[in-house]
Amino acid sequence: MALKLPDKYLRNRLVPQIMQHLQREEFIFYEVDHSPGLDGFMSTMYNIKLKTKTTGGIKERWFILKIMRGDKDFREYSKSYIQFANEIYVYTSVLAAFKEVMKVAEECSTKIDDLLPKCYVAEFGYIEGLSSNVKDAESVLVLEHLKPLNYRIGPRLYLNFEHLLGMSRVLGQYHAFSYTLRSTNITKWNELIAGIKPLPFIDIKRPDEDKNNFYRILYRVAFDRFFDYLGRYKDDNIFDSSNDKDVKLIENLKKLREKYFHEPCELLENLRTKVLINEDDKNFAVILHGDYNRNNVLFKYKYQEQEASLTELEDIKMFDFQELRYGSPALDLSFFMYFNTPEDIRSKIWSNLLVCYHTNMISILSSNLKAHQKTSNDISKILSYYSFENFQKHFARFAFYGVMICLHFLPWMLCSEQECERLSKLFGVNVHSDEFYQLSLNAGGDMVNSKLLGIVRHASEMGYMDCI
């Protein structure tokens, strides 16, 4: 059951905040209704319809309202207080810093505002009319609803090549703003990343603490599921011992199990933090999206009137920054690529997606550096460091992160809608239950498990398991 928002809060606080952005419009009325869906695992979503009077007549506007889901216990063990604080930080601080650094780059064809829906309200902490007491933190985010402008959520499972290229392009552009700010104002950059609340997968120094950490629960069942599948089918020709690639895969799986089966989150945390330890990787670190996946972007299509249908892909907007972290760009990129590429074309298009990402990142970075009047030598040095060759080497050291996310999350998206809905409900009320564990272990069956093996097989063949 969705939380019923207090009418007094909506009428006296939220709607006036929205109206501050519509100064030449006169408020008439508003409507709010719950926006159901399978993808709101951590949040509750509402549609807001706002009717105003303008000099040109009556106007209807649509917004999406996002608030934290669940009670205090759920918010604690799901790390919602960290995740939502970071998401609001994106809209109140990160985007503002990116806009500031872009003021001198007016000729740049891509602005940070081009990549996201317009934000009208972003608050975290005590919110009058919504928080039950002064110590009760809430999160409120109001974004422009883009459905009336022909933006849509993409397919539930996999994306075609056009959509994948589009997502690669947008991600490269987004990461370029991090590199621009670091290259032109290191003081501001350091201040900005210092404001991000750490979101570790596990405290490696104190592994016996925080037993209720939901990451540990999710990846425990993910590894149990995957290695149970391998054990059940080890004699059924899922590996070819005469094939060198499969021999390497078998060794990599053995290494993965020996090093991380006892605590899968240790591998995730290593991949999260290694970028800050290794000098060769440190300069690649960016402010991540954190959950860059097809269900966290909106696709806009050109409308062909003669066909009365939405056809050609025109634009993409990203949203949902709850998993925001500071780390390797490969964390965003490998998750997106492994999660959204169909298995039958993955190997064929893989390099195209990497090239598309890198080309767009370099294009934005280069034009911004020129606008900031960096010398030719400085620009050459910076771009040389971010060369495609260096990027590929960096990516290979972190790309297994995307595989890890798939081991946990892909079964949720490939199983039936009924199973996914039940998983989502249990996640919100009793993630520690045996029912949640058993359903996570079996949702989607071996059809899903075979696809997970295909992802791991690809990672092994690409050399992404060499560094784990």
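Here the gap between Thr187 and Ile204, fully extended at 0.36 nm per residue and compared with their Cα-Cα distance, gives a gain of 3.2 nm. Under 1.5 on a/c is rounded, so check that first for the stretch 1-144, then, if it is not, pick prolate when a/b is larger than b/c and oblate when it is not; a ≥ b ≥ c are the square roots of the alpha carbon gyration tensor eigenvalues. Verdict is oblate for the stretch 1-144. Roughly speaking, what is the centre-to-centre gap between the stretch 23-84 and the stretch 353-432 when only Cα atoms are used, to the nearest Å? Value for the Cα centre distance between the two parts: 28 Å.
Kindly provide the helix-only [θ] at 222 nm of the chain, computed as the sum of -39,500 (n - 2.57) over DSSP H runs of four or more divided by all residues, to the nearest 500 deg cm²/dmol?
-15500 deg cm²/dmol
Between Asn377 and Val104, 0.36 nm times their residue separation minus their Cα-Cα distance comes to what?
Numbers: separation 273, 0.36 × 273 = 98.28 nm, distance 1.99 nm.
In short, 96.3 nm is gained.
Neighbours of Glu258 by Cβ distance under 14 Å: Lys/Arg scored +1, Asp/Glu scored -1, total +1. Residues of the stretch 42-59 with an amide N closer than 14 Å to a point placed 7 Å from the Cα of Ile28 along the Cα-to-Cβ direction: 49-59. Summing charges over neighbours of Ile127, with a neighbour being any other residue whose Cβ is under 11 Å away from its Cβ, gives -3 when K and R count +1 and D and E count -1. Between Leu441 and Lys248, the contour length at 0.36 nm per residue exceeds the Cα-Cα span by 66.8 nm. Spin-label model, Asp280/Phe227: points 7 Å from Cα along the beta carbon direction are separated by 2.9 nm.
Using the average count of surrounding beta-carbon atoms within 10 Å as a protection proxy, the listed peptides 287-296, 250-259, 429-438 rank, highest first, as 287-296, 250-259, 429-438.
Computed from the coordinates by the stated procedures, all read-outs in this text should not be read as laboratory data. Fair warning: this is a prediction, and the values are worked out from it, not measured in the lab. Quick reminder, even Gly has a Cβ in these numbers, built from the backbone with ideal geometry, and neighbours come from all protein chains shown.
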